[in-house]
1. Would you kindly identify the strands (runs of 3 or more DSSP E) lying entirely within segment 97-188 that contain at least 3 residues that are closer than 14 Å to Cys51 by Cβ?
2. Would you mind stating whether Arg197 is more than 24 Å from Pro358 (Cβ to Cβ), crowded, with 17+ Cβ neighbours inside 10 Å and basic (Lys, Arg)?
3. Given Tyr302, Tyr369, Tyr361, which one is in contact (Cβ under 8 Å) with a residue 24 or more places away in the chain, closer than 23 Å to Phe156 by Cα and either out of contact with any Phe, Trp or Tyr (no Cβ under 9 Å at 6 or more places or on another chain) or outside the structural domain of Thr408 (by TED's automatic domain parsing) (or both)?
4. How many of the residues in segment 172-192 are touching a Ser or Thr at 6+ places or on another chain (Cβ under 9 Å) and either of a type in the set (A, V, I, L, M, F, W, C) or surrounded by 18 or more Cβ atoms within 10 Å (Cβ to Cβ) (or both)?
5. How many residues are in contact with a Phe, Trp or Tyr (Cβ under 9 Å, 6 or more places away or on another chain), more than 30 Å from Leu448 (Cβ to Cβ) and among the polar types (S, T, N, Q) if we restrict to segment 162-196?
6. Of a type outside the set (Ser, Thr, Tyr), modelled with pLDDT under 95 and either within 17 Å of Tyr313 (Cβ to Cβ) or surrounded by 21 or more Cβ atoms within 10 Å (Cβ to Cβ) (or both): does that describe Val457?
7. I'd like to check something: does segment 422-443 contain any residue that is over 20 Å from the mean Cα position of the chain (by Cα) and either surrounded by fewer than 22 Cβ atoms within 10 Å (Cβ to Cβ) or assigned by TED's automatic domain parsing to the domain that holds Ile203 (or both)?
8. Can you name the residue in segment 249-298 that is touching a residue at least 12 places away in the same chain (Cβ under 8 Å) and among the hydroxyl-bearing types (Ser, Thr, Tyr) and, of all such residues, is nearest to Asn333 (Cα to Cα)?
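The values are calculated or read from the model by the stated rules, or taken from the named source; none is laboratory data. Please read these numbers as outputs of a predicted model, since none were measured by experiment. Note that we place each Cβ from the backbone using ideal geometry, even for glycine, and neighbour counts take in every protein chain shown.
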Amino acid sequence: MSNMELKCEKESTNKTKKKKSNSIEQVRYGCALGAMHTAFAIPRVIPICHCGPGCVDKQTANIAFYNGFQGGGYGGASVVPSTNIYEKEVIFGGEDRLRELIDATFKVLDADLFVVMTGCIPDTVGDDVGSVVGEFQAKGLPVVYAETGGFKGNNFIGHELVTEAIIDQYVGDYDGPYQKGLVNVWSLLPFHNTFWRGDLVEIKRILEGVGLKVNILFGHESGGVDEWKSIKKAQFNLVLSPWLGLKTAEHLKEKYGQPYLHIPTIPIGAKETSSFLRKVVDFAGIDKEKADNFIKNEEKKYYEYLEDFSDFYAEYWWGLPAKFAVIGDSAYNLALTKFLVNQLGLIPASQIITENPPEKYREAIRNEYRHIADDVSTDVEFEEDSYVIHEKIRNTDFGHKPPIIFGTTWERDLAKELKGFIVEVGFPASYEVVLSKSYIGYRGALTLIEKIYTTIVSASA
């Protein structure tokens, strides 16, 4: 073979490698049925899954177990009621099997609300799940349904299908007065966001600190179905994420006439948290003096800890990374990027969003990255394929210092390859055991700083 032929073959091979396939390596989300974790996240709520065998176990293993080893809570995790339908139901329909399962579940399990969810098979064959569930609803039993076949989208889309189902079929209609100062919070995706439990606790704490009454809706701080029933009485809805929850807020505006406030950036650190709280207080029209006193007190404690931290930073500055990459869903990606730039003075090198947000929200998300700080603008990429993501990171210029990557377990080997550092902040985080840890707000930011610099210092041991 001639040199020219070898060159042509090499060029052809390189082009082939760069061409994107129709498959996705190491996808970073579940299917719509993965939103059974939305039901798990509400105290004393149990999902009932109408799906094929293995679907429930796979979703639980991926989203809840190998992602912080979070457990399944009251809902039961991988042992939730499931029809486990086979060929018979594919041919003849699975409505009888579902009816039997719902009836048995009510006899055996104690819960305040059951959420029937569907997988791909019943949605494909056309099972009338609504009719079956309607039979039990007509008896006054607490059960709703959501069609969450995997082809509907990922678990982010499924989450909004489930929340809307609970609102429409269980919370119901309302034409009474709103309660001044009561807010519904729509924010992080339960279980998928590894630190959601602790993060929602901190969100509730700081909102209550400025004088609001909070329907946090998910997690141990939620009042369960009683809290969900009070959704319709709230003065307003707060969407605290780049896009997740906007569909729900729009639905609530149409259904109850409730206004909503959209703040795209989940706050990390004093600067973002104080700014966030003042925006909410202004929107709610509540006592500013009480809010300012709370904010000043929180800032005082926060900066006292940072003052102690400054001794470490002054000593070890020579060994610290200068540039960073963030790989993960848009909520944590945006929040971390702003914090790392504005609070720690790091330089953004690569920001990759992985949860495949709907196209209609992407330009607004891009615009947030264009205004990370007064003098800092950066680009963001949307990519689902881990192979492509890792190639992008390999080709990123991190300068002469080792990079720090805020990503997942799947970036651990990549960080070693680049002689950098890894902080696991998103799905999947398989080397983190997470109970109540939080990285947001005032308190969470201090925990995050500890995590970052402990990771760096321990790498030299």
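1. Details: elements: 113-118, 143-146, 179-186.
Of the strands (runs of 3 or more DSSP E) lying wholly inside segment 97-188, those with at least 3 residues that are closer than 14 Å to Cys51 by Cβ span 113-118.
2. Working: more than 24 Å from Pro358 (Cβ to Cβ): yes; crowded, with 17+ Cβ neighbours inside 10 Å: yes; basic (Lys, Arg): yes.
Yes: the conditions hold for Arg197.
3. Going through Tyr302, Tyr369, Tyr361 in turn, just one is in contact (Cβ under 8 Å) with a residue 24 or more places away in the chain, closer than 23 Å to Phe156 by Cα and either out of contact with any Phe, Trp or Tyr (no Cβ under 9 Å at 6 or more places or on another chain) or outside the structural domain of Thr408 (by TED's automatic domain parsing) (or both): Tyr369.
4. Going residue by residue through segment 172-192, those that are touching a Ser or Thr at 6+ places or on another chain (Cβ under 9 Å) are 179, 182, 184, 186-191.
Okay, now just the ones that are also either of a type in the set (A, V, I, L, M, F, W, C) or surrounded by 18 or more Cβ atoms within 10 Å (Cβ to Cβ) (or both), so 182, 184, 186-191.
Final tally of qualifying residues: 8.
5. Counting residues in segment 162-196 that are in contact with a Phe, Trp or Tyr (Cβ under 9 Å, 6 or more places away or on another chain), more than 30 Å from Leu448 (Cβ to Cβ) and among the polar types (S, T, N, Q) gives 1.
6. Values: of a type outside the set (Ser, Thr, Tyr): yes; modelled with pLDDT under 95: yes; either within 17 Å of Tyr313 (Cβ to Cβ) or surrounded by 21 or more Cβ atoms within 10 Å (Cβ to Cβ) (or both): yes.
So Val457 fits the description; yes.
7. no
8. Ranking the qualifying residues of segment 249-298, first place goes to Thr265.
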